[in-house]
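The values are calculated or read from the model by the stated rules, or taken from the named source; none is laboratory data. Since this is a predicted model, take the numbers as computed values, not measurements. With ideal geometry, Cβ positions are generated from the backbone for all residues, glycine too; neighbour counts draw on all protein chains shown. Accessible surface is based on the protein model in full, side chains and every heavy atom, while ligands, DNA and RNA are left aside. Shrake-Rupley method; radii C 1.70, N 1.55, O 1.52, S 1.80 Å.
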Amino acid sequence: MASMSVTGTQSPHARPWQRTLVVALAVVAVAHSVVLAFWLAPRSPLRDAVGDRTLATYVNPYFEQSWSALAPNAQFADESFTLRAQVKDDATGTITMSEWIDVTAAEDRALRRDVDPARVHAIARRLATNLNGAMFGLNPRQRVLVRESYTKEPIERLGDRLYSAGTDRRAAVQSYVAYDTMATRFASMYARARFDGRILKVQYRIGRRTVPSGATRAADALQGRDFHWFEFGFRRGFAASFEAQTAFDDYVGA
């Protein structure tokens, strides 16, 4: 019987250039690790012998990292959405004005230990973000106009007046009008889920505060900073369909 060849199961020997390449890569990796170790190490005679400038020349800017680089969605501003509503009890005819409700703070408390929150819980904060952006695009006269109430005349009048007050800000006006509609509907449905009665009108406001710099963060915490507010006039309450309001009730009660 012919003997079986085993040459097909043997690994071929590494070629000289392959061995040289592996050794060179290993040397580079070790050298890089040593330099980073010196960079991160506390001061010592050996580190001083190498020199901070020498280490910085290698590490910066190619290997310097920051939170903005590691977290592409890092937030540098905290924003707030608050609302209040005028509610009518149809049984008694009593009309009351609610206290201000900080929706974003309520969401933060509810989601503190929720590792997989539903996207619906981000609505209020995203509305605040988008409205802040729209407001920064308006001119001073337009910012005054949005503080007026529109409960008897159509809200479309506000859009016309905003356009008249700044014809060069059409994109900003379009953004604000769209987000004002969203905020009014959100505030109306949120109030309807919280209070018994018919929502006659709602008012919302948005706040913004910036994250303190890293150098002062230990003494100047974000929670200790005041919000800078944009306030808006009253808007006529929005009545959602039964199905939409029922779903919103579940969200608010969750």
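All conditions in (1) part of a helix (DSSP H, G or I); (2) open to solvent by 20 Å² or more (accessible area, probe 1.4 Å) hold for A183, with the sole exception of (2).
Considering (1) under 16 Å from F232 (Cα atoms); (2) open to solvent by 50 Å² or more (accessible area, probe 1.4 Å), the lone condition that S164 does not fulfil carries the number (1). The one condition from (1) open to solvent by 50 Å² or more (accessible area, probe 1.4 Å); (2) part of a loop (DSSP other than H, G, I, E, B); (3) at pLDDT 90 or above that D114 does not meet is (3).
Taken over region 130-148, the residue count meeting the criterion of being open to solvent by less than 60 Å² (accessible area, probe 1.4 Å) and over 14 Å from Q174 (Cβ atoms) is 3.
Quick check: anything in region 8-20 more than 42 Å from the chain's Cα centre (by Cα), modelled with pLDDT under 65 and assigned to a helix (DSSP H, G or I)? Taking every residue of region 8-20 in turn, at least one turns out to be more than 42 Å from the chain's Cα centre (by Cα), modelled with pLDDT under 65 and assigned to a helix (DSSP H, G or I).
Could you please tell me which pairs satisfy a Cβ distance under 6 Å, a separation of 6+ or placement on different chains, a first residue in region 151-178 that is outside any helix (DSSP H, G or I), and a second residue that is open to solvent by 70 Å² or more (accessible area, probe 1.4 Å)? These pairs meet every condition: T151/R236.
Considering each of T96, T92, T104, T82 in turn, give the residue that is at pLDDT 85 or above, in the same structural domain as A128 (by the TED database), closer than 30 Å to T151 by Cβ and in a helix (DSSP H, G or I).
The unique qualifying residue is T104.
So how many residues does region 119-151 have that are of a type outside the set (K, R) and under 23 Å from the mean Cα position of the chain (by Cα)?
So the count comes out to 17.
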